[in-house]
1. Tell me the per residue accessible area of the chain using a 1.4 Å probe; a whole number in Å² is fine.
2. Computing the accessible area with a 1.4 Å probe over protein heavy atoms, can you report the carbon and sulfur percentage for the stretch 1-88?
3. Please work out how much length the chain gains when fully extended from Y151 to A16, using 0.36 nm per residue of separation minus the C-alpha to C-alpha distance, in nm with one decimal.
4. Counting only other residues whose beta carbon sits under 15 Å from that of A113, what net charge do I get with K and R as +1, D and E as -1?
5. Along the stretch 5-20, what does the Karplus equation 6.51 cos²θ - 1.76 cosθ + 1.60 (θ = phi - 60°) give for ³J(HN,Hα), rounded to whole Hz, x for Gly and Pro?
6. Pick from G122, G30, G74 the residue whose mean-square fluctuation is largest in a GNM of the chain, springs joining Cα atoms under 10 Å.
7. Quick one: what are the phi-derived ³J(HN,Hα) couplings along the stretch 96-106, Karplus 6.51/-1.76/1.60 with θ = phi - 60°, whole Hz, x for glycine and proline?
8. Could you work out the percent of alpha carbon pairs in the chain separated by over 19 Å, rounded to a whole number?
Amino acid sequence: MLQSHLYAFFLLVSAALSAVICSIAWRRRGAQGAVPLFYLALGLVWWSFTYALHWFAVLNDSHEVFWLDATYVGVVAVPTSFLAFALVFTQRMPRIPRHARAWLAIEPLLTVALLWTDPWHGLFFGGARSAEPGAILSGGVWFWVNVVYSYGLVLATLVILVQALLRAPRFQRLQVSTVLAGAAMPILGNAV
C-alpha cells in the first residue's frame, strides 16, 4: 500500500511539472515548437494525473477501471503530439498542416472510442480485462495496434531528433540534446 501511494505521489509530481511546462509553452506560444510542446505537456498532465487517480482508486476499491480508461486520453495524445513537436522543433515542418493533424488524430480517437466501448466488442482488452491492483491487462487486437502505432511514432520522433542533433550547428546541439535527454527517461520507463 505504501508503495502504491508513493507511486501515485510521483505521478502527481510528474503531472505538476508537466503543468508548469504547459504554462510556459502557452505563454511563449509564438516561439517555434511551443504549441505542439503545450499539447505534449497537456497530454502528459492528463496521463500522469488520471493514472495517479487510478492508483488511489485501486487502494480504495472505487472506480479504478474508470480512471484507467480515462488515462488513455493522455496515453494516445502523447506520441502524436511528441511527433508534431519534433517536426516543428527541428523545422522539418514549421507548421503541421490541418490535413496532417486530421490524419494523425484518427488512430488516437479510434483507440479511445474502442476502449470505452470494449465491453460490447472486446477489441481493446480482448475479454481479458483485469481490475486487480498492479495487473498488466492482456490486450485484444486493437490494444496491440495501438502499442505498435504509438511506439512507431515515438521511434520516428527519436529518429527525427537524432538526425537533427547530428545536423545541428554547435550552438543548437545543446537544445536538441536536452530534448532527447528529457524524452529518454519516460520512454525507457514506459518501455520497461
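1. Working: 11550 Å² over 192 residues.
Result: 60 Å² per residue.
2. Looking at the stretch 1-88 in its full context, I get 72 percent from C and S.
3. Length difference between fully extended and current span is 46.1 nm.
4. -3
5. 5, 5, 4, 4, 4, 5, 5, 5, 4, 4, 4, 5, 5, 5, 5, 5
6. In the Gaussian network model the winner is G30.
7. Values, residue by residue: 7, x, 4, 5, 5, 4, 5, 5, 5, 7, 4 Hz.
8. It works out to 62 percent of all Cα pairs.
The values are calculated or read from the model by the stated rules, or taken from the named source; none is laboratory data. Remember, it's a predicted structure, so these values are computed and weren't measured experimentally. Cβ coordinates were reconstructed from backbone atoms using ideal geometry, including for glycine residues, and neighbour counts include every protein chain displayed. Just so you know, the surface numbers come from the protein's heavy atoms only, side chains and all, with ligands and any DNA or RNA stripped out. Shrake-Rupley method; radii C 1.70, N 1.55, O 1.52, S 1.80 Å.
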